[in-house]
Amino acid sequence: MGKMPLEDLGLLLKMMAQPFDAYVSLESALNSKFRGHDTRDWKEWSSFSTTNADEVPLNAERALVSRIKSSHRGIGQRKALKHLIAGAPDQAYLNEICTLLSLERLELEYPVTAKSLDALKALQGQRHLSIDSPRNITVFTPLLGLPSHKILLITNAKHMTDLDWLAGAHHLEVIGIEGSMWTDQKIPTLKPLAGLANLQAFFATSTRLGNKDLSPLAECPKLEYLGCARFAPRIEFERLHSLKPSLICSWFRPERWN
């Protein structure tokens with residue numbers, strides 16, 4: 001990618017908490033912003049990382065707890081937690097997490113072996129949820145019962161066969177439905193996303209789009225950023241660009257097709 005044009009500098013300084021030189025393009029800056037990476041310093045997070053929930057201070061507002069057998073027990077007593085990264089959550093771990101009613105951001109990291117997401121409906125203040133490789137989840141509709149929810153990122157969902165369950169999810173501002181390094185996520189059609197009133201960014205890396213039609217995204221009035229695989233012909237990206245000229249997507253740049 002080339003250097004960002006200077007005219008974009010003012011925009012970035014307003015929307016990012018990072019210095020301009022940290023990003024080589026507007027696309028990478030938007031990718032970081034909408035995924036929430038710009039608000040997480042991994043050097044700082046290293047001091048919050050543990051495999052034992054009992055080591056998390058009772059007044060901690062953030063923690064990274066990677067479960068080993070039953071080492072998650074006690075996480076439900078950390079009532080001040082607002083941001084939790086949970087490694088290897090099984091059903092017992094997820095159920096205990098869902099007693100943390102102050103949580104605003106939850107990241108369920110590989111491997112996610114829980115079988116049901118129903119308990120998440122208790123987290124009414126949650127704004128950001130990511131789920132990495134939910135190997136046993138077959139029903140995703142419980143995720144729609146969270147009125148404060150703005151960001152939803154799901155990676156490598158083995159049993160997600162379509163996006164129909166997202167139709168009408170007008171409260172979501174960021175949606176990511178993505179595959180893994182080794183497995184593409186199959187998406188039959190983007191039609192369920194058409195007209196989502198508040199969608200600002202859609203992520204679809206490592207994906208295969210069945211009908212190759214990008215036009216439903218043109219019907220999302222607030223869509224600013226598309227980060228995706230080359231899952232449609234060039235003519236489809238060109239058509240989308242003509243319909244939404246302010247939309248940012250790396251596949252709109254001719255050099256990406258060389």
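The values are calculated or read from the model by the stated rules, or taken from the named source; none is laboratory data. Bear in mind the structure is a predicted one, so any value in this text is a computation, not a measurement. Note that each Cβ is placed from the backbone with ideal geometry, even for glycine, and that neighbours are counted across all protein chains shown. For the accessible areas, the whole protein counts, side chains as well, though only heavy atoms, and no ligand, DNA or RNA atoms are used. Shrake-Rupley method; radii C 1.70, N 1.55, O 1.52, S 1.80 Å.
Checking ALA119, ALA167 one by one, the residue that is over 28 Å from LEU209 (Cβ atoms) and modelled with pLDDT of 95 or more is ALA119 and no other. Among residues of the stretch 49-69 that are under 20 Å from GLU104 (Cα atoms), those with a Cβ under 7 angstrom from a residue that is of a type in the set (Ser, Thr, Tyr) and part of a strand (DSSP E or B), sequence gap 6+ or separate chain, pair up as VAL56/THR50; LEU64/SER49; VAL65/THR50. For beta carbons closer than 6 Å, sequence separation of 6+ or different chains, a first residue in the stretch 246-258 that is over 14 Å from LEU217 (Cα atoms) and a second that is surrounded by 13 or more Cβ atoms within 10 Å (Cβ to Cβ) and among the acidic types (Asp, Glu), the qualifying pairs are SER250/GLU27.
Looking only at residues of the stretch 70-86 that are open to solvent by 20 Å² or more (accessible area, probe 1.4 Å) and under 22 Å from TYR110 (Cβ atoms), we find that the one that is modelled with the lowest pLDDT is HIS83. Scanning the stretch 193-211 for residues that are within 15 Å of PRO233 (Cα to Cα) and open to solvent by 20 Å² or more (accessible area, probe 1.4 Å) returns ARG208, GLY210, ASN211. Of all residues in the stretch 175-192, exactly one satisfies the criterion of being touching a helix residue (DSSP H, G or I) at 6+ places or on another chain (Cβ under 9 Å), of a type in the set (Val, Ile, Thr) and within 14 Å of ALA232 (Cα to Cα), namely THR189.
Considering the stretch 148-158 alone, what residues qualify as being buried (at least 21 other Cβ atoms within 10 Å of the Cβ), in a strand (DSSP E or B) and touching a helix residue (DSSP H, G or I) at 6+ places or on another chain (Cβ under 9 Å)? Within the stretch 148-158, LEU152, ILE154 qualify. No other residue among LEU144, LEU172, LEU214, LEU190 is under 30 Å from GLY87 (Cβ atoms) and open to solvent by less than 40 Å² (accessible area, probe 1.4 Å) apart from LEU172. Of the candidates LEU26, LEU30, LEU94, the single residue that is in contact (Cβ under 8 Å) with a residue 60 or more places away in the chain, touching a helix residue (DSSP H, G or I) at 6+ places or on another chain (Cβ under 7 Å) and surrounded by 15 or more Cβ atoms within 10 Å (Cβ to Cβ) is LEU26.
Taking PRO89, is it open to solvent by less than 30 Å² (accessible area, probe 1.4 Å), farther than 27 Å from LEU30 by Cα and at pLDDT 95 or above? Spelling it out, PRO89 is indeed open to solvent by less than 30 Å² (accessible area, probe 1.4 Å), farther than 27 Å from LEU30 by Cα and at pLDDT 95 or above.
Exactly one residue out of LYS186, LYS191 is basic (Lys, Arg) and in contact with a strand residue (DSSP E or B) (Cβ under 8 Å, 6 or more places away or on another chain): that is LYS186. Does the stretch 159-168 contain any residue that is touching a residue at least 40 places away in the same chain (Cβ under 8 Å) and either buried (at least 16 other Cβ atoms within 10 Å of the Cβ) or not charged (D, E, K, R) (or both)? Checked the stretch 159-168: no residue is touching a residue at least 40 places away in the same chain (Cβ under 8 Å) and either buried (at least 16 other Cβ atoms within 10 Å of the Cβ) or not charged (D, E, K, R) (or both).
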